[in-house]
Amino acid sequence: MQLSVIIVNYNVRYFLEQCLKSVTKAIENIDAEVFVVDNNSSDNSMQMVKEKFPNVKCIENKENVGFSKANNQAILQSKGKYVLLLNPDTIVEEDTFEKCIAFMDKTPEAGGLGVKMIDGHGKFLPESKRGLPTPAAAFYKIFGLSTIFPHSKKFSKYHLGYLPEDEINEIEILSGAYMLLRKSVLDEVGLLDETFFMYGEDIDLSYRIIKGGYKNYYFPETKIIHYKGESTKKSSVNYVFVFYNAMIIFANKHFSQKMARSFSFFIKFGIYFRAFIALLMRFVQNVFTPISDVLFLLLGSYNIVRLTEHYKHINFPETAVWLNLLIAVSSMLLVNVLLNKYKPKQQIGGIMQAGILAAVIYLITYAFLPEHYRFSRLATAFTALYMPISLLLSRIFLHIANFNPMSIFDQKKSILITHNDLPEELLNKIKVRKNIIKQDLLFSENSIKHKKLKYPYIGKFYQLMDLIQIYRYNEVIFSTEHLTFKNIIETIAELKGNKVVIKTLLPENRCLIGSNTIEQIAQTENS
């Protein structure tokens, strides 16, 4: 047997189904077996696998035993000349395995191989090729020097940024998302170290392959999509702790005692530094919206008061002016908190209603103030009129700065790439999703021959890039039933930088899959 594909799953049913569909097509011309090891998922993942992929070998754990142990369970049962560790949130091209196996067959010194990975937006993932996480490399990564100097041989050692993305190269560390291993080498250097529950096990095994006298290669002649982080959110503080603690385990295992201590110091310092930055950013994001609202209101209201003074040729008492401004600000903050308007994705209507209600509260409060604090009905009236406007201006500014996006600006002009045999009822469901202002169809070259179209279409697949430029589409949906995964992956790579949201459609499940998102279109009988 040529290949054993091993996928460890934990509560990512729809990603797993899409992954298995691509794997099934990729092994059509290969003598292969596929394992799914489930770590006690609660989303009916294994029921789906058994019903839709009966040839897949299932291992069902009664608890979450971790990534290393789950992979080892399948490796011990595998019969392939090569073993592929594959994440469930990936899509492979139809010829990915054939190309990789051909390279390994003609490169006997290769113990392991990784491929070019892109995310769901078409962006190259730097972990496709990595170097050994020495204390220096870890320091440069943790403190951002590798980001500032991404192509420096000195500072970008962790992700080998100085190596071209599209050239085959010998590397040190493979990514566990796609890790093709020679089974005979595994028998020699050992399986995954189960001390690593999650993260770090790929680094450890890659390093042991090199120490065993073999080489690891980066092979960019095929691409895969790795959505990244559906099982674990990579931006979370918890991820920072788990990942960098895995690095400490690696250092204690493989480095000298002195180097391990140095490495652990930098890592522990980096853990708390990154955790502090993450918490600080979360705090800033939470307070930035009310601060912006206050500043916009104060700036406008203060100028209204000064313009009124200029118009009436009078100077208002400063105490009265600032008391009224304080009441206006307090009214606005109170209403926004009570109506929960500081969450992202707010609609214009709701924001304007909050501003109007705040203005009413402000006017009522003004009416009950002592006479010497009611300094100008004209200035008060204009301040009240300005309050909803200031709130809207603040939120537009925050949306442009990407601090608190507004849902009104998330309206999608969507294009769906499929055949015309997709049920019209499903097409209509896709079309009436939230914030969709335009939904068009695109068909592949031969999909409309001898068929009567049931739904208007705008063009053919090869015209996609031109149509995006002409009609300014900001969402592209690929139907996985009607396009090859190679076409989907290559097109997503081309769309990189177009600021287009990219999703794939699983018609049978009626759900859309994107980076860290699963959008259910309509409930199915089996869901």
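The values are calculated or read from the model by the stated rules, or taken from the named source; none is laboratory data. Quick caveat, the model's predicted, so the values are computed rather than measured. Virtual Cβ from ideal backbone geometry, glycine too; neighbours counted across all protein chains shown.
Summary of computed values
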{"read-out": "Options Val36, Val23: the member that is in contact with a strand residue (DSSP E or B) (Cβ under 8 Å, 6 or more places away or on another chain) and either surrounded by fewer than 17 Cβ atoms within 10 Å (Cβ to Cβ) or part of a helix (DSSP H, G or I) (or both)", "value": "Val23"}
{"read-out": "Answer from Tyr386, Tyr342 - the residue that is among the hydroxyl-bearing types (Ser, Thr, Tyr) and surrounded by 20 or more Cβ atoms within 10 Å (Cβ to Cβ)", "value": "Tyr386"}
{"read-out": "Condition broken by Thr232, with the remaining ones in (1) farther than 21 Å from Ile203 by Cα; (2) modelled with pLDDT under 70 satisfied", "value": "(1)"}
{"read-out": "Restricting the range 280-294 to residues that are surrounded by 14 or more Cβ atoms within 10 Å (Cβ to Cβ) and at pLDDT 90 or above, the residue that is farthest from Leu333 (Cα to Cα)", "value": "Ser292"}
{"read-out": "Glu194 part of a loop (DSSP other than H, G, I, E, B), touching a strand residue (DSSP E or B) at 6+ places or on another chain (Cβ under 9 Å) and surrounded by fewer than 19 Cβ atoms within 10 Å (Cβ to Cβ)", "value": "no"}
{"read-out": "Qualifying residue in the range 460-468 (condition: surrounded by fewer than 18 Cβ atoms within 10 Å (Cβ to Cβ), at negative phi and in a strand (DSSP E or B))", "value": "yes"}
{"read-out": "Which listed residue is at pLDDT 70 or above, in a helix (DSSP H, G or I) and surrounded by 14 or more Cβ atoms within 10 Å (Cβ to Cβ), from Leu441, Leu483, Leu422, Leu426", "value": "Leu426"}
